[in-house]
1. I need the full set of residues from the range 3-28 which are part of a helix (DSSP H, G or I) and not charged (D, E, K, R), in order please.
2. Show the residue pairs that are 6+ apart or on different chains and have beta-carbon atoms under 7 Å apart, the first residue being within the range 295-315 and in the same structural domain as Leu336 (by TED's automatic domain parsing) and open to solvent by 10 Å² or more (accessible area, probe 1.4 Å), the second being within 16 Å of the ligand (Cβ to nearest atom) and small (Gly, Ala, Ser).
3. Does the range 195-202 include one or more residues that are within 16 Å of the ligand (Cβ to nearest atom), assigned to a loop (DSSP other than H, G, I, E, B) and in the same structural domain as Phe289 (by TED's automatic domain parsing)?
4. Name every residue in the range 281-294 that is modelled with pLDDT of 95 or more and surrounded by fewer than 24 Cβ atoms within 10 Å (Cβ to Cβ), in order of residue number.
5. Do we find that Val394 is within 16 Å of the ligand (Cβ to nearest atom), touching a residue at least 40 places away in the same chain (Cβ under 8 Å) and assigned to a strand (DSSP E or B) in this structure?
6. Just checking, does the range 398-419 include any residue being farther than 17 Å from Gly86 by Cα, open to solvent by less than 20 Å² (accessible area, probe 1.4 Å) and not in a strand (DSSP E or B)?
7. Every residue in the range 1-49 that is under 19 Å from His68 (Cα atoms), open to solvent by 40 Å² or more (accessible area, probe 1.4 Å) and of a type in the set (S, T, N, Q), please.
8. Please specify each residue of the range 129-167 satisfying the condition of being assigned to a helix (DSSP H, G or I), within 16 Å of the ligand (Cβ to nearest atom), touching a strand residue (DSSP E or B) at 6+ places or on another chain (Cβ under 9 Å) and open to solvent by 20 Å² or more (accessible area, probe 1.4 Å).
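The values are calculated or read from the model by the stated rules, or taken from the named source; none is laboratory data. Everything numeric here is computed off the predicted structure, so don't read it as measured data. Note: ideal-geometry Cβ built from the backbone for every residue, glycine included; neighbour counts use all protein chains shown. Accessible surface is based on the protein model in full, side chains and every heavy atom, while ligands, DNA and RNA are left aside. Shrake-Rupley method; radii C 1.70, N 1.55, O 1.52, S 1.80 Å.
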Amino acid sequence: MNNLKNIPSIDEMLKNERIKQLIEVYQRDFMVDVVRSATEELRRELFLKEEKIKKEKLMQAILVKVEHMVSRLAGGSLKEVINGTGVVLHTNLGRAPLGKGAIDYMVRMASSYNNLEFELEKGERGERYGHVEEVLTRLTGAEAALVVNNNAAAVLLGLNTLAREREVIVSRGQLVEIGGAFRIPEVMKLSGARLVEVGTTNKTYISDFAAAINAETALLFAAHTSNYKILGFTQEVPLEELVKLGQEKELPVMQDLGSGIFYDKDDWGLREEPAVKRCVAAGVDIVTFSGDKLLGGPQAGIIVGKKALVEAMKKNQLTRALRVDKLTIAALEGTLLEYLLGSPKKNIPVIEMLALSREELREKAERLLELLEMRTEGLSGIRQLKLVELEDMVGGGAYPTYKIPGFGVEIEFSQPGLEKAAKILRLGSPALLTRRQEDKMLLSVRTLLPGDEIKVADLIAGVVQEKGDI
Ligand SMILES: *Cc1c(COP(=O)(O)O)cnc(C)c1O
């Protein structure tokens, strides 16, 4: 308690040489505020301390806090992370890294004015949603398209536009919750539509849908069960049957696909995921999917389908609240153009990572192992480095049960221990995220971006060079 009156005042702190230096770099008001919070933090910590601490020491403690707060804020909250987990679409790590074409286009549009809502030819106000519509309709075969903030927004907008205050029929097997608290029943409620559940968790038949249709029915809805699989004795209604029923009863069918795939090359071996084009061709009236899952673009919700329905969505007031900005449009169009005209396997990182062959992965892992051995030679903190085969994942709610064979390096630390090493790597710059298997660290090479290997080797070498007192 008696330390409290020894805490330096804000004025005293501001006269400190180090603080004066910081005030030359940063704004004075900001520094005063930081000094105040650091002082308050110290005051709270000292409240219960009995032993007496010298004023000089207290000042030092405040300075340490100030430096820490300033560097944390000035460095920005978002930090680069090297993804050594082998999970390609990691929602916690920002899902898809963008390709170069998309980034260049986005940067150009970010640093200049543009025709976001202006028709250059006519010299009059234009439409924000027109920019990606043609490329989307060409890619999917749909009549019309609209892009909103994310797929959750796309589903919400679709339900609100097509079924507000009316009934939507959904199979009980598809009332899913997707990571980040997207729950079909909750979104349904928010949209103002009334959910009518049919069938059971493991089996739903087209006759269940047919029996539930009445004058209040507005929509037949199907959701892709992205992040789980019901195995065993199961039955879901084939899309074609749902479409046929919709056409007979003059009811639209909407499918929430989750992931949008435009690149379904056979040799991927990942064919059960329904591609967008296939859904459109099957006659589904509205298909929604994410821009930053298997599509490999920015966060966005993409809606494609019948023109009259998409037009109704464009006119919905909700669209104004869910609209995308110019940066998203640029990044998305840049990515989509790669599918339409370019070379997705080379220029869309997510596709590139998933399309890596076994041989390419092995070579990548061998290179990493070699770099690691070179950088850590003579350092005693590493007990063993080993090339290993491991299992990667698509992630982002796609292919929940599908493990992709991968390659990586297994690291066994002697000093520091695994926990501490992993923490040092997480707090590094850039941060490095890895996997663990028992008492060993696993580094998958599939999700390393060009240039990451050297950084990884430096970071790992840094860990065993630390004296271990972090
Ligand atoms: C991922 C997913 C969503 C949510 O998409 P966001 O773009 O993250 O909003 C909705 N439905 C399904 C089936 C999904 O897989």
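1. Leu4, Asn6, Ile10, Met13, Leu14, Ile19, Gln21, Leu22, Ile23, Val25
2. Listed pairs, sorted by first residue: Pro298/Gly291; Pro298/Ala331; Gln299/Gly291.
3. no
4. Gly283
5. The answer is yes for Val394.
6. Yes, the range 398-419 contains at least one residue that is farther than 17 Å from Gly86 by Cα, open to solvent by less than 20 Å² (accessible area, probe 1.4 Å) and not in a strand (DSSP E or B).
7. Those that are under 19 Å from His68 (Cα atoms), open to solvent by 40 Å² or more (accessible area, probe 1.4 Å) and of a type in the set (S, T, N, Q): Gln21, Gln27, Ser37.
8. The answer is Ala152, Leu156.
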